Amino acid sequence: MTPLPSVTPCDFHGTPALRLTTGDGASAVVSLLGGQLLSWVPPGEKEQLFVSERAVFDGSKPIRGGVPVCFPQFADLGGLPKHGLLRTRRWEVSDQSQHNGCTLVSLVCGDDAASRTLWPHAFRAELTVAIEGERLDLELSLTNPGEAPFAFTGALHTYLKVAEVEEVSLEGLYGLDYLDKLKDAAPTRETAPSLVVEREVDRIYYDCARPLLLRDEQHTLGINTEGFSDVVVWNPWEGAEARFPDLAAKDFRRFLCVEAAVARQPVTVAPGEEWWGRQTVVVLS
Ligand SMILES: O=P(O)(O)OC[C@H]1O[C@H](O)[C@H](O)[C@@H](O)[C@@H]1O
């Protein structure tokens with residue numbers, strides 16, 4: 001029987017979430033905690049997102065996996081909590097629809113007294129998750145309803161699930177300048193035709209305007225971004241469980257983070273203005 005497209009409330013490891021389905025059998029789950037996509041299964045495919053079995057879902061720390069939304073600070077590029085203020089906040093549903101084979105839901109999160117004590121700005125963050133066939137679109141819009149400009153860095157911190165991280169390759173980064181966050185050094189140029197993960201990787205690739213291909217033995221994903229200037233590639237490698245207690249020992253083998261990011265150069269949003277960015281992931285084969 002053909003499933004009906006829908007958006008329905010559900011419970012994901014005890015946290016309130018929404019389950020999206022399409023008529024052709026795609027599904028996704030997005031958590032209200034963090035506005036975080038936690039599952040994406042294209043029609044006839046396996047789960048495409050990694051979520052740690054040790055992830056914590058009670059809001060005491062960010063959920064490890066899926067697509068955390070990092071704003072208004074990427075990683076430790078400033079004095080705010082790592083990756084900003086939104087990962088443990090409760091988001092609200094602002095829109096949902098199903099049409100022409102696409103199912104989407106939008107979630108919003110804005111400033112409050114707690115956020116303003118850390119970051120004295122009014123903001124409205126809206127994440128739209130849309131699934132259609134083999135395609136996932138994540139759109140992040142950041143609006144400044146306040147009276148002063150704000151500057152931000154941030155990311156859609158996508159944990160792509162892989163069968164074995166050492167056997168995947170990421171193509172499309174050749175020739176780009178990148179900052180290796182594991183070295184105290186100036187940016188350098190990527191000279192490898194594809195990135196293969198054989199050790200810890202934590203890199204910010206600058207000005208990445210082209211599609212990337214993530215290949216493993218079973219399939220190829222196309223990853224495209226708009227609006228986000230940079231791409232961050234992260235895998236914590238062996239021993240990660242000592243630094244990240246919400247990862248198990250072998251988990252580093254099960255994911256590669258390919259993040260749509262604004263990291264090198266903060267973006268300024270003027271009062272009344274909006275910034276917008278998108279990450280698209282498509283199963284190509
Ligand atoms: O542990 P988290 O706060 O989720 O951060 C996980 C990782 O996120 C990004 O990819 C950064 O580039 C890394 O430096 C960081 O370790």
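Odds and ends about this structure:
- Prolate/oblate/rounded call for the range 100-145, Cα gyration tensor, a/c under 1.5 rounded: prolate
- Added length on full extension, which subtracts the Cα-Cα distance from 0.36 nm per residue, Arg90 to Asp207: 39.0 nm
- Only protein heavy atoms count here; under a 1.4 Å probe, Val283 has an accessible surface of about 10 Å².
- Part-to-part distance (alpha-carbon centres) for the range 204-271 and the range 128-173, which is given in Å: 8 Å
- In terms of its alpha-carbon gyration tensor, the chain comes out rounded; the largest-to-smallest axis ratio a/c stays below the 1.5 threshold.
- Convex hull volume per residue for the range 199-284, taking Cα atoms only, in Å³: 132 Å³
- Here the contact order of the chain, divided by its residue count and restricted to Cα pairs under 8 Å and six or more residues apart, works out to 18 percent.
- Between Ala17, Ala261, Ala186, the residue with the greatest mean-square fluctuation in the GNM of the chain (Cα pairs under 10 Å linked by springs) is Ala186.
- Per residue accessible area in Å² of the range 6-283, where ligands, DNA and RNA are left out and the probe is 1.4 Å: 42 Å²
- Rounded FRET efficiency, nearest 0.05, which uses the C-beta distance separating Phe244 from Gln265 and R0 of 22 Å: 0.20
- Over the residues of the chain, the helix contribution to mean residue ellipticity at 222 nm works out to -500 deg cm²/dmol, using -39500 (n - 2.57) for each DSSP H run of at least 4.
- Mean-position separation - Cα centroids, the range 28-105 and the range 1-25, in angstrom: 15 Å
- Accessible area of the chain belonging to carbon and sulfur atoms, whole % at 1.4 Å probe: 50 percent
- The length gained on full extension between Leu80 and Trp237, counted as 0.36 nm times the residue separation minus their Cα-Cα distance, comes to 53.9 nm.
- Loop-located trypsin sites (Lys or Arg not before Pro) in the range 1-66 (DSSP state other than H, G, I, E, B) with a sparse environment of at most 15 neighbouring Cβ atoms within 10 Å: Lys46, Arg54.
- Trypsin sites (Lys or Arg not before Pro) restricted to DSSP loop in the range 157-243 with at most 14 other C-beta within 10 Å: Lys183, Arg199
- Shape class for the range 41-157, computed from the alpha carbon gyration tensor (a ≥ b ≥ c): oblate, with a/c not under 1.5 and a/b at or below b/c.
- For the residue pairs Lys61/Lys181; Lys46/Lys161; Lys161/Lys250, alpha carbon separations beyond 18 Å are given by Lys61/Lys181.
- Amide H contacts under 5 Å for Trp91, placed H, 5+ residues apart: Leu33, Gly34, Gly35
- Gaussian network model of the chain, Cα within-10 Å springs - most flexible of Ser229, Ser31, Ser97: Ser97
- Taking GluC sites (Glu not before Pro) across the range 82-169, the ones in a DSSP loop with at most 14 further Cβ atoms lying within 10 angstrom of their Cβ are Glu147, Glu164.
- The range 39-81, relative contact order [Cα under 8 Å, separation at least 6], %: 24 percent
The values are calculated or read from the model by the stated rules, or taken from the named source; none is laboratory data. Just so it is clear, the model here is predicted, and its values are computed rather than measured. Because the Cβ atoms are built from the backbone with ideal geometry, glycine has one as well, and the counts that use them run over all protein chains shown. These accessible areas exclude ligands, DNA and RNA; they are computed on the full protein's heavy atoms, side chains included. Shrake-Rupley method; radii C 1.70, N 1.55, O 1.52, S 1.80 Å.
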